[in-house]
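Visitor: One structure follows; several queries about it will come next.
The values are calculated or read from the model by the stated rules, or taken from the named source; none is laboratory data. In this text, all values refer to a predicted model and were calculated from it rather than measured experimentally. Backbone-built Cβ (ideal geometry, glycine too); neighbour counts: all protein chains shown.
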Amino acid sequence: MNGLTEIQIIVDSGLFILIWLVQLIIYPSFRYTNEEYFIQWHGRYTFLMGLIVSPLMLIQAGIEGIFLYHDEVRCWRIVPIVLIWLATFSLSVPCHRQLQNHGKVLSTINRLVVTNWIRTLLWSLLFLRTGLAAYHLPLF
């Protein structure tokens, strides 16, 4: 394994674990957060989560940029990464903005949980595929 592959596995693993925690625990818990403190709590959550997720997403995309620069196009990674970014900024971010502006709105929380399955599945597939490729196992 080269250094980029090792970093890639670490980043993909981190995002895989994080997205499943978000999908199964964090986003559903929004439904049970006290309305009185929701906006304050949500603002803190999104700020801190951004400090964790943003660098990982940028590293993930940056590694693909390095491979592209060296004329190695890996569509099996580029396509899911682009779809994850699109889902993040067209679905998740607008839900978070609405929650931050309007407080605890169950329909927005439900939309966030349902649409986040897109990112959950894509990051899961990317993680599995990367792990298999790193160890030269049969790819699906």
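Visitor: Taking the condition within 20 Å of Gly131 (Cβ to Cβ), out of contact with any Pro (no Cβ under 8 Å at 6 or more places or on another chain) and surrounded by 14 or more Cβ atoms within 10 Å (Cβ to Cβ), does Ile9 pass?
Guide: Working: within 20 Å of Gly131 (Cβ to Cβ): yes; out of contact with any Pro (no Cβ under 8 Å at 6 or more places or on another chain): yes; surrounded by 14 or more Cβ atoms within 10 Å (Cβ to Cβ): yes.
Spelling it out, Ile9 is indeed within 20 Å of Gly131 (Cβ to Cβ), out of contact with any Pro (no Cβ under 8 Å at 6 or more places or on another chain) and surrounded by 14 or more Cβ atoms within 10 Å (Cβ to Cβ).
Visitor: Just give me the residues in region 6-57 being over 17 Å from Pro80 (Cβ atoms) and of a type in the set (S, T, N, Q), in sequence order.
Guide: Correct list: Ser29, Thr33, Asn34, Gln40, Thr46, Ser54.
Visitor: Still on this structure, please answer the following. In this structure, is Ile19 modelled with pLDDT of 95 or more, over 16 Å from Leu125 (Cα atoms) and β-branched (Val, Ile, Thr)?
Guide: Criteria not met by Ile19.
Visitor: Output the residues belonging to region 1-16 that are over 10 Å from the mean Cα position of the chain (by Cα), outside any loop (DSSP other than H, G, I, E, B) and either within 19 Å of Ile118 (Cα to Cα) or among the polar types (S, T, N, Q) (or both).
Guide: Once the filter is applied, which keeps residues that are over 10 Å from the mean Cα position of the chain (by Cα), outside any loop (DSSP other than H, G, I, E, B) and either within 19 Å of Ile118 (Cα to Cα) or among the polar types (S, T, N, Q) (or both), region 1-16 yields Thr5, Gln8, Val11, Ser13.
Visitor: Of a type in the set (Val, Ile, Thr), assigned to a helix (DSSP H, G or I) and buried (at least 16 other Cβ atoms within 10 Å of the Cβ) - does that describe any residue in region 92-109?
Guide: Yes - at least one qualifying residue is present in region 92-109.
Visitor: Also, I was wondering about something else. Within region 26-43, count every residue that is outside any helix (DSSP H, G or I) and closer than 15 Å to Thr108 by Cβ.
Guide: Going residue by residue through region 26-43, those that are outside any helix (DSSP H, G or I) are 33-34.
Applying the additional criterion that residues be closer than 15 Å to Thr108 by Cβ yields 33.
The total comes to 1.
Visitor: Would you point out the residue of region 64-78, among those that are out of contact with any helix residue (DSSP H, G or I) (no Cβ under 9 Å at 6 or more places or on another chain) and assigned to a helix (DSSP H, G or I), that is nearest to Val114 (Cα to Cα)?
Guide: Cys75
Visitor: Right, here's the next one. Listed residues Thr88, Thr33, Thr46; which is of a type in the set (Val, Ile, Thr), surrounded by 12 or more Cβ atoms within 10 Å (Cβ to Cβ) and within 16 Å of Leu126 (Cβ to Cβ)?
Guide: Going through Thr88, Thr33, Thr46 in turn, the sole match is Thr88.
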